[in-house]
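The structure appears right after this line, and notes come after that.
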Amino acid sequence: MAAAAVHRLLVSRLQRLAAGLARSRAALGKRERRSSYLLLAPLLAQTKARADLPPPPCVSTHNIQRFQWIGEFVPAFRISGSQVNVLSSPAEFYDTLKVDCIEETLQRSQDETTISDLRVAVLLDCTRGSRGKKNSRTMLIPLLKKFPNQVRISLYHTPDLRGILKLLVPERFNETIGLQHIKIYLFDNNVIISGANLSDSYFTNRQDRYVLLRDCHELADFFEELVNAVSDISLQLEQDDTAEVKLGMVHPFTGSRRDFCAAANKRIMSVVHEARRKQQLANQLMGLAESPSGEESPLDRNVRQADTWIYPLIQMKPFQIEIDEQVTEVLMTEADEDSRIYLTSGYFNLTQAYMDLILGTSADYQILLASPEVNGFLGAKGVAGAIPSAYVYIARQFYSRVCQGGLQDRIMLHEYFRKGWTFHAKGLWYYLSGSKWPCLTLIGSPNFGYRSVHRDLEAQLVIVTENCNLQQQLHQEKEHLYRLSSEVLTTTFDQPNRHVKLWVKLVTPLIKNFF
C-alpha cells in the first residue's frame, strides 16, 4: 500500500478513536466484442435518451483533485461524463437490461456460419441461489444444458458456513453467515452497477439505485476479470444440478479455511494489482506519445475530454480485502466542515466505526432509511418478521445519540415511504462546501452495515466528476429519493407502528451483525 494511503488510514483509525472519546464526554481495452460476463447477468439494450440539461455551476477541477488519493488503493478509470447515465426507476432498469433476450442471443450466435465467441457467465451466491425446490440454479440449468460450451454458472460459497454450522442452520438463515452480494451487469463494453437483484420486485416496485456506464472498455475489462476471479474460487454448476470446485482450487467448506481464503485473496487481488500495473504503464507511454507535428492526437483528445474518474472498490473481509471500508472511512474522516453527505441504506445498521465518524467529524449528514412500511422484511414469516422492528430500535438508539450530543442541526434522519413499494437503495452523494451539486457518489451493493463490511462480498464504484450534466443527474437522483421521505423526529418513535417489543430489544444486540 502506498505510504500516503497508509498515513490516511492511520489518521482514520485515530480519528475514529477520538470520535468515540468525544462522544463519551458529550454523553467511510481488450476487444470490441466481449463475452457477456454477468453477476446475475443481463444483456444491455440502449438506454433512453435524456433531455439535454442546462449546464449548472459545477465543482471545479481543482476541488475534484482532492479525491485522487483513492487511486492509491485501486485503479482509476478516466472517462467522459457523457458516458454515464443515472437510471431512476425499476422500469427503466428493466428496459435497459432486457434480461429475457439471453437465450435468443445465444441461439442466434450458434446459427452463425462462423464459430461464435459469445459467452455468458453467471455468478450467484450458492446458499441464496439454491433456496427451495425452484431456485436460480434450477432455472439456469436448461440454459447450461442447451449451450454447454458458451455458458458458465458459478456458485460462491462462504468459507464460514462449514461443519456442524452448515448441517444445523436451515435455508434462508444460512445466508446470514455470508453472501456473494455484488450486483454488476456487463455486456461488451457496457457496465451497470446497482444494488438491485434480478427478481420481479426489483423491476416493478422495489426502489434501488442504478448507473449505466457506456463504452467503458477498461472498466468492463476490470469487472470481467473480477467476475472470473470470484468464479474461479466458487463452485461450478453442472448439468445434473451438482456443484464441484474448479480443478486445483481449495474447496470452500470441506477444505482448509485458511488455505481457501489465502488462495482467494491472491486470485482476487491479482486483478486489482494487474489493473493498476497496466494503468501505470499506460501513463508512462502517454508521456512519450506527444505528436511531433504539434497536432492533437486521438489519445490527447480522449484525455482532454475525460472529466470523470471511476474507482472500483471491493470489500471481502473473509479474504482480508478491506478496500471499500478503508476508502469509505477516509472519505468520512476528511469531509470538510460545511460539506454535505447524503447517505442512504435500505437496512440502517451502521458499523460502530461509521457511526463514530458520522458523530465525530464536521460534515453535515442527511441519512435516508426505510420506514417500517417499506422494509423488505415486512410481513416475513417467523423471526424474520421482527427485523423491521429491530431496525426501528437501531435507528432510535442512533437518533438518541445524535440528540444527546446536540447534533440535530448537523445530522438528520429521514424515512422513505411510498405506498405499495419497498426500499433497497444504498450509497452516498458528496457535496463540497458551497456547492449546489454533488461531485462524488458511492453506488453499489454495500449497506454500510456489519455484514457488508465483515461477512459478504461487496463492490461499488466511487464516481468523481466535474461534468456539470452528470453532477445534475446525480443531484436529481438524490432529490427523487429524498422527496419521498419525511424527517425523523422524537415524536416519530411514539407512533404505534414504531413500538418495539421487549424481546426484540433484548435480542437485537445479539443478532444485528447477521442482517
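When averaged across all projection directions, what area in nm² does the alpha-carbon convex hull of the range 308-388 cover?
Values: hull surface 30.4 nm².
Mean orientational projected area (the range 308-388, Cα hull): 7.6 nm².
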| field | Rg to Rh, two decimals, where the range 209-282 supplies the alpha carbon set and Rh follows Kirkwood | value | 1.08
| query | Kirkwood Rh, Cα Rg: Rg to Rh for the range 158-201? | reply | 1.15
| Hey, how much of the P(r) for the range 96-195 falls beyond 18 Å, as a percent of Cα pairs? | 58 percent
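Using Cα pairs closer than 8 Å and at least 6 residues apart in sequence, work out the relative contact order for the range 194-285, in percent.
Relative contact order comes out at 19 percent.
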| note | Taking a straight Cα-to-Cα line shorter than 19 Å from LYS436, and setting aside same-chain lysines fewer than 8 residues away, one finds LYS478
| Share of the range 155-293's accessible area from carbon and sulfur, percent, 1.4 Å? | 55 percent
| field | Per principal axis, descending, Cα span of the range 151-241 in whole Å | value | 47, 33, 25
| Between the range 347-415 and the range 456-475, what is the C-alpha centre distance in whole Å? | 23 Å
| said: How are the alpha carbon pair distances in the range 423-515 distributed across 10 Å bins from zero to the largest one, expressed in percent? | reply: 13, 30, 32, 20, 5, 0
| Which listed residue (PHE147, HIS157, LEU106) has the Cα farthest towards the positive end of the charge dipole for the range 92-169, taking +1 on Lys and Arg C-beta and -1 on Asp and Glu C-beta about the Cα centre? | HIS157
| said: Between LYS145 and GLU337, what is the label-point separation in nm under the 7 Å Cα-to-beta-carbon projection? | reply: 6.8 nm
| request: Excluding residues fewer than 8 places away in the same chain, name every one of the lysines whose C-alpha is closer than 20 Å to that of LYS145. | output: LYS133, LYS134, LYS246
| If you look at just the Cα atoms of the range 401-463, how large are its Rg and its Dmax in Å? | 15.0, 38
| request: At 20 °C and 1.002 mPa s, grab the translational diffusion coefficient of the range 463-515 from Stokes-Einstein with a Kirkwood Rh over Cα pairs, rounded to a whole number in µm² per second. | output: 142 µm²/s
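Could you work out the Kirkwood radius for the range 356-490, taking every pair of different alpha carbons, averaging 1/r and inverting it, reported in Å?
Roughly 16.5 Å, rounded to one decimal.
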| remark: With the convex hull built on the alpha-carbon atoms of the range 359-430, volume per residue in Å³ sits at 98 Å³
| query | How many percent of the accessible area of the range 400-444 is carbon or sulfur, using a 1.4 Å probe? | reply | 51 percent
| said: Taking θ = phi - 60°, what integer Hz values does the Karplus form 6.51 cos²θ - 1.76 cosθ + 1.60 yield along the range 182-192, in sequence order, with x for Gly and Pro? | reply: 6, 10, 10, 10, 10, 8, 6, 9, 9, 10, 10
| Reference-scaled alpha-carbon Rg (2.2 N^0.38 Å with N residues) for the range 222-265 | 1.20
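The values are calculated or read from the model by the stated rules, or taken from the named source; none is laboratory data. All of these numbers come straight from a predicted model, not from anything done at the bench. Ideal geometry is used to build each Cβ from the backbone, glycine not excepted, and the neighbour counts take in all protein chains shown. When the accessible area is computed, the model is the full protein with side chains, heavy atoms only, and any ligands, DNA or RNA have been set aside. Shrake-Rupley method; radii C 1.70, N 1.55, O 1.52, S 1.80 Å.
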